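**Student:** This is the structure I want to talk about, given as structure tokens.
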Amino acid sequence: MINSTTKMKIAIVEDDAILREELCQFLQARQFIVHEANNGLALSDILLMESIDLIVLDLNLPGQSGLEIAKIVRNQYPQIGIVMLTARTGLADRINSYEHGADIYLPKPTPPLELLAAINSIGRRFTEKNHHSWILHTQSSQLSPP
């Protein structure tokens, strides 16, 4: 998890290479560590190698759908934030996304500053959790509040 001195690590899962690159550049310019994937298999590789804090996820992807990916991520990595960023705007898609683990659902096109606000909102959740974490003293085997 991140804290106030650690940069948030984000994975962008988007099959449109131009949009993925634009999002990556936008977020890197704001000091995020960004990894790119064009499908669920590429995301799996990233998750095996990196500790990701948040995923920006499209619904329409080759292979596994964004819904399938979100469900897997939520089950295996419940601490990871998920922002759905998709052209699908129907109510059923939005509800299914939340039911499969999305924290936030944004329709395309979304202004980059709105995506940034959503990411920062989820990031505050991580910071708040770390701020209130207990401390384990290994030599005395005792927990103490922060």
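**Student:** In the stretch 23-40, is there at least one residue being of a type in the set (Gly, Ala, Ser) and assigned to a helix (DSSP H, G or I)? Explain how you work it out, then say what you get.
**Tutor:** Filtering the stretch 23-40 for residues of a type in the set (Gly, Ala, Ser) gives 29, 37, 40.
When the remaining residues are screened for being assigned to a helix (DSSP H, G or I), the result is 40.
Looking through the stretch 23-40, at least one residue is of a type in the set (Gly, Ala, Ser) and assigned to a helix (DSSP H, G or I).
**Student:** Keeping to the stretch 10-25, report how many residues are under 11 Å from ALA42 (Cα atoms) and either aliphatic (A, V, I, L, M) or at pLDDT below 95 (or both).
**Tutor:** 3
**Student:** Also: Can you find even one residue in the stretch 84-102 that is under 11 Å from ALA11 (Cβ atoms) and either touching a His at 6+ places or on another chain (Cβ under 7 Å) or open to solvent by less than 50 Å² (accessible area, probe 1.4 Å) (or both)? Don't jump to the end; show me each part of the working.
**Tutor:** So in the stretch 84-102, the residues under 11 Å from ALA11 (Cβ atoms) come out as none.
Looking for residues that are under 11 Å from ALA11 (Cβ atoms) and either touching a His at 6+ places or on another chain (Cβ under 7 Å) or open to solvent by less than 50 Å² (accessible area, probe 1.4 Å) (or both), one finds none in the stretch 84-102, hence no.
**Student:** Still on this structure, I have one more. Collect the residues in the stretch 71-103 that are under 10 Å from the mean Cα position of the chain (by Cα) and among the aliphatic types (A, V, I, L, M), keeping them in residue-number order.
**Tutor:** First pass over the stretch 71-103, keeping only residues under 10 Å from the mean Cα position of the chain (by Cα): 73, 79-84, 102-103.
Once the filter is applied, which keeps residues that are under 10 Å from the mean Cα position of the chain (by Cα) and among the aliphatic types (A, V, I, L, M), the stretch 71-103 yields VAL73, ILE80, ILE82, VAL83, MET84, ALA102.
**Student:** Can you tell me which residue is farthest from LYS108 (Cα to Cα) among those in the stretch 28-83 that are without any contact (Cβ under 8 Å) to a residue 60 or more places away in the chain, among the acidic types (Asp, Glu) and surrounded by 17 or more Cβ atoms within 10 Å (Cβ to Cβ)? Steps first, answer last, please.
**Tutor:** Within the stretch 28-83, the subset without any contact (Cβ under 8 Å) to a residue 60 or more places away in the chain is 28-29, 31, 33-52, 55, 57-78, 80-83.
Okay, now just the ones that are also among the acidic types (Asp, Glu), so 36, 45, 50, 58, 68.
This time we only want the ones that are surrounded by 17 or more Cβ atoms within 10 Å (Cβ to Cβ), so: 36, 58.
Numbers: GLU36: 18, ASP58: 10 Å.
This residue is GLU36.
**Student:** Hey, does the stretch 118-136 have a residue that's modelled with pLDDT under 95, within 19 Å of VAL13 (Cβ to Cβ) and open to solvent by less than 40 Å² (accessible area, probe 1.4 Å)?
**Tutor:** Checked the stretch 118-136: at least one residue is modelled with pLDDT under 95, within 19 Å of VAL13 (Cβ to Cβ) and open to solvent by less than 40 Å² (accessible area, probe 1.4 Å).
**Student:** What number of residues within the stretch 53-85 are of a type in the set (Gly, Ala, Ser) and part of a loop (DSSP other than H, G, I, E, B)? Quick ask: steps written out before the conclusion?
**Tutor:** If we filter the stretch 53-85 for residues that are of a type in the set (Gly, Ala, Ser), which is where we start, we get 63, 65-66, 70, 81.
Still in the list and also part of a loop (DSSP other than H, G, I, E, B): 63, 65.
Qualifying residue count for the region: 2.
**Student:** So which residues in the stretch 84-119 are farther than 18 Å from LEU61 by Cα and touching a residue at least 40 places away in the same chain (Cβ under 8 Å), if there are any at all?
**Tutor:** Within the stretch 84-119, PRO112, LEU115, LEU116, ILE119 meet the criteria.
The values are calculated or read from the model by the stated rules, or taken from the named source; none is laboratory data. None of the values given here were measured: they were computed from a predicted structure. Here Cβ is always computed from backbone atoms with ideal geometry, including for glycine, and neighbour counts include all displayed protein chains. To get the accessible areas, we keep the full protein, side chains included, count just its heavy atoms, and leave off ligands, DNA and RNA. Shrake-Rupley method; radii C 1.70, N 1.55, O 1.52, S 1.80 Å.
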